[in-house]
Amino acid sequence: MPQAERLFHICRRLNEGARVSVRSLMEELEVSRATVFRDFELLRDRLHAPLAWDAADETYRLGQERGPGARFILPGTWMEADHTYGMLTVLQVAAAVDPGAAAYYRRQFGNPLKQAQAKRENRGHGLHEKISVDLPRPSSQAQAALRVIGPALMLDAPVRLWAAGLADEGETVLPTGLRLRTDGWQLDYRRVADGPVQTLPLAQVRSAQAIGNLKDLVPREMRTATEPR
């Protein structure tokens, strides 16, 4: 078991108010006595966990922390090199399938992972040259509309759409899903919050416009709406 997983296990037990012994951790984590002591040493000396030793029952617990309401937590998310590579691989596949609705969020998540790989000098770059998925791509018009539809879908927010099958002046709808079928991308939506789900080929969407609070909720890079035609 990687050290990061062991530390999270130990901290979860301690934060639950448990008193943990070295022997119990050796059995739960299937590691040696020396490994458990090294983990406690790292928690105490480098991560400043307020560990307290009870000699009577030979267990560790969390002691008093400084400041009112203080509670020790592990910093950030720790990942091994193979975890990072695996997540980058999944993101690469997602990039090939995604019609553009979540491009901003993939970049925000993928870039730090690539930087972490580079800093550790781990292999795994150039995934775009190793993995490819050939799927129908939306038209440039539909791609532009997705800059609004994508955030609305993820935030459960309504948008105004101009498309074949909707009113000429546009209609306010609630996007509920994007599906890829053999005949192309389909947009699922509701005309009212509790109404039936309807389906519209993405190729028929001419334009989309953010309404209400959606303009303030989505990242600046994804706010641009296409002009109604």
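Among the residues making up the range 40-52, a single one is assigned to a strand (DSSP E or B) and over 11 Å from V20 (Cβ atoms): A52.
Scanning the range 163-187 for residues that are assigned to a strand (DSSP E or B) and open to solvent by less than 20 Å² (accessible area, probe 1.4 Å) gives A163, V173, P175, G177, G184, Q186, L187.
Sub-9 Å Cβ pairs linking a first residue in the range 87-110 that is of a type in the set (F, W, Y) to a second residue that is open to solvent by 30 Å² or more (accessible area, probe 1.4 Å) and part of a helix (DSSP H, G or I), at least 6 apart or interchain, are Y104/R147; Y104/E221; Y105/M154; F109/M87; F109/L91, ordered by first then second residue. Total residues in the range 140-190 satisfying the condition of being touching a residue at least 24 places away in the same chain (Cβ under 8 Å) and under 17 Å from P99 (Cβ atoms): the figure is 25. R106 - would you say it is modelled with pLDDT of 75 or more, over 14 Å from the mean Cα position of the chain (by Cα) and farther than 19 Å from G17 by Cβ? In short, no. Applying the criterion of being under 23 Å from P2 (Cα atoms) and in contact with a helix residue (DSSP H, G or I) (Cβ under 8 Å, 6 or more places away or on another chain) to the residues of the range 48-61, the residue that is least open to solvent (accessible area, probe 1.4 Å) is A49. For the range 143-151, the condition holds for no residue, the condition being that it is under 25 Å from T84 (Cα atoms) and modelled with pLDDT under 85. Screening A193 on (1) open to solvent by less than 50 Å² (accessible area, probe 1.4 Å); (2) over 30 Å from Q92 (Cβ atoms); (3) touching a residue at least 12 places away in the same chain (Cβ under 8 Å); (4) not aromatic (F, W, Y) shows it passes everything except condition (1). Only one entry in R23, R12 is free of Cβ contacts under 8 Å to residues at least 40 places away in the same chain, surrounded by 12 or more Cβ atoms within 10 Å (Cβ to Cβ) and either among the hydrophobic types (A, V, I, L, M, F, W, C) or at negative phi (or both), namely R23.
The set of residues in the range 180-201 that are in contact with a strand residue (DSSP E or B) (Cβ under 8 Å, 6 or more places away or on another chain) and either modelled with pLDDT of 90 or more or hydroxyl-bearing (S, T, Y) (or both) comprises Q186, L187, D188, Y189, R190, R191, P196, V197, Q198, T199, L200, P201.
Scan the range 26-36 for residues that are in a helix (DSSP H, G or I) and loosely packed, with under 12 Cβ neighbours inside 10 Å and jot them down.
Correct list: E27, R33, A34.
The values are calculated or read from the model by the stated rules, or taken from the named source; none is laboratory data. Note that the structure is a prediction, hence the values are computed from the model and not measured. Cβ atoms come from the backbone with ideal geometry, glycine included; neighbour counts cover every protein chain shown. Heavy atoms of the whole protein, side chains included, go into the accessibility calculation; ligands, DNA and RNA do not. Shrake-Rupley method; radii C 1.70, N 1.55, O 1.52, S 1.80 Å.
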